[in-house]
Amino acid sequence: MLSWLAAETQTIERLDSSRKRFEPAHPSYYNGRPGNQLQRLMTARRDFLSIWRQNDHKEAVRDIKLLRRQIVAVNSPEAIKYVVATRHENFERKTPQMRRALEYLLGDGLFISDGETWKQRRPLVADIVHKHRVPAFGDIMKNTSLELVERWTTLGEGASVNALYEMAGLTAEIISRSVFGNDLGEESAGMVTDGFTSYQALIDSINIGYFLGFDEGLPLFRTPSLRRSVKRIHSIIDRVIEDHLAGKGDDNSMVELLIRRQKRNPELNLDVVALRNEAATIFMAGHETTAATLTWAWYLLSRAPWIEEAIHAEIEAVCGSNVPTVADVANLKWCTAVIEETLRLYPPVPILARQAKEADRIGDLDVKPASLVLIVPWVLHRTPSLFQDPHLFRPERFLSGKRPTPYSYIPFASGPRICPGLQFGLTEAILCLAVLAQRFRLRVPEDHEVEPICRLTLRPRGGLPVTLHRR
Ligand code: HEM
């Protein structure tokens, strides 16, 4: 509806191999008519990455009025710190469109809860995925990657696969073995993964009802296929939780840790539905994001072979002919820098959106209650005053201890709501990359046009076709 009003966009990708310069795919700056907010809204509805003018890539706090809603875009490290840390309590609430989109699947899971529920559950979930627990999941990460190596080997030299689908399968298997302990089995894992993928495809990232002035947005339209996806996911997860409650689950799994915490602290009131909500949240938050990161990394390495050579040399130097393990991750500096640069260029969560509780003032700007406050890592990470040559793929910017300005690089958000799975996700991405890159080169066909699109996560439209080459 009204999609013809959206502005035309172009995707830019530039490669100069002789100078080792690669500017990976991104949409051109928005050039819709100034003042035509309806056109911008319709463009956002189709593609949220294409609505940013060159001028938006400055350190500033700006607002626009859309229909009846104030929308505040916060793009300076200082102001971001104010929103996510200093005044966290006023800006902790997710937007109605996010809550409406996810509540059907995740209930009051951590990702969308706020207030008392969030305060009570956050330490619990944070503890379960905490960095000191990550090494215990290292073998799952390594072994699941090795299983993929074996499968790819049977496909033969030059086989074509879709890297997004492959990475989604890999990270779904890793997170489901970590969360649920027992192997869900190919069929159930595939059903859960497909369910999440179709859920994402079906929900709309913009709920027009919110802009029209309903502070709680409008309910999600539950189509029959949406209902089917959700029912399938819930029933698979419930089955696993019930197994655990009956003492049949794996002792080292995250679900088991949640259940043990509940038994020790009955005041937490985690019933089967609450357990399912937190398990589904960890599953969703922890699998799509890492899959997108790895997929984008393969695209970048495929087009920048001089960087790929550097990571191959590093894997050889650190691991020799042994399979990389979680203990090697600290020494894989190039692999780490590639993942960090991938997260800068293609932050899997490209928009952090909040609803202001009360009136406030961000920088010099007065913010009204219920305003939409947007921090857009996609724009922030491409702001030239914060990152030199921001559109270029240059992992070197993260080598030799170099760190970006605080609050200028936030792929995992920041402040009290920072991603609790940060160490898990980073370790997983680096280790999977190292295990797979030790055995395979992935090549995106030269004539394939990669186009980033943003729904719940940032991914290449249609996935990423690649061919597989043994090393
Ligand atoms: C590369 C991988 C990952 C990235 C880029 C990422 C990014 C993020 C971001 C940006 C948020 C905040 C969203 C917002 O405030 O709107 C978030 C929240 C969250 N993430 Fe991650 N994440 C990753 C991996 C993981 C993993 C592996 C897990 C679990 C094992 C996880 C669990 C969560 C949870 C539970 C939340 C909600 C936290 C809260 O609201 O208090 N994430 N993640």
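Every number in this text was worked out from the coordinates using simple rules, so none of it is lab data. Computed from a predicted structure; not experimentally measured. No Cβ is skipped: glycine too gets one built from the backbone with ideal geometry, and neighbour counts run over all protein chains shown.
Table for the structure above
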quantity	calculated
Cα gyration tensor shape of segment 62-470, rounded if a/c is under 1.5, else prolate or oblate by comparing a/b with b/c	oblate
C-alpha center-to-center spacing [segment 381-413, segment 251-308] in angstrom	26 Å
Cα centroid separation, segment 324-356 to segment 116-178 (Å)	15 Å
Residue-averaged [θ]222 nm for the chain, counting only DSSP H segments that reach four residues, each worth -39500 (n - 2.57)	-15000 deg cm²/dmol
Protection-proxy order for peptides 291-298, 394-401, each taking the mean of Cβ atoms within 10 Å per residue, highest first	291-298, 394-401
Partner lysines for Lys368 [C-alpha distance under 29 Å; skip if fewer than 8 residues away on the same chain]	Lys58, Lys65, Lys81, Lys94, Lys119, Lys357
Ordering of 167-173, 137-143 by burial proxy (mean other Cβ atoms within 10 Å per residue, highest first)	167-173, 137-143
Relative contact order %, segment 62-470, counting alpha carbon pairs below 8 Å whose residues are six or more apart	29 percent
Charge context of Thr43, other residues only, Cβ under 14 angstrom, K/R +1, D/E -1	+2
Global geometry of segment 368-471, whether rounded, prolate or oblate, following the gyration tensor of its Cα atoms and the 1.5 cut on a/c	prolate
Cα shape, segment 310-410, gyration tensor, a/c 1.5 rule	prolate
Pairwise FRET efficiency - Thr405 versus Leu268, Cβ, R0 = 51 Å, nearest 0.05	0.85
Ordering of 124-132, 264-272, 416-424 by packing [mean C-beta count within 10 Å, highest first]	416-424, 124-132, 264-272
Estimated vicinal HN-Hα couplings, Hz - segment 94-111 in sequence order (Karplus 6.51, -1.76, 1.60; Gly, Pro = x)	5, 6, x, 5, 5, 5, 4, 5, 9, 5, 4, 8, 9, x, 9, x, 3, 4
Thr290, Thr281 arranged by Cβ crowding within 10 Å, fewest neighbours leading	Thr281, Thr290
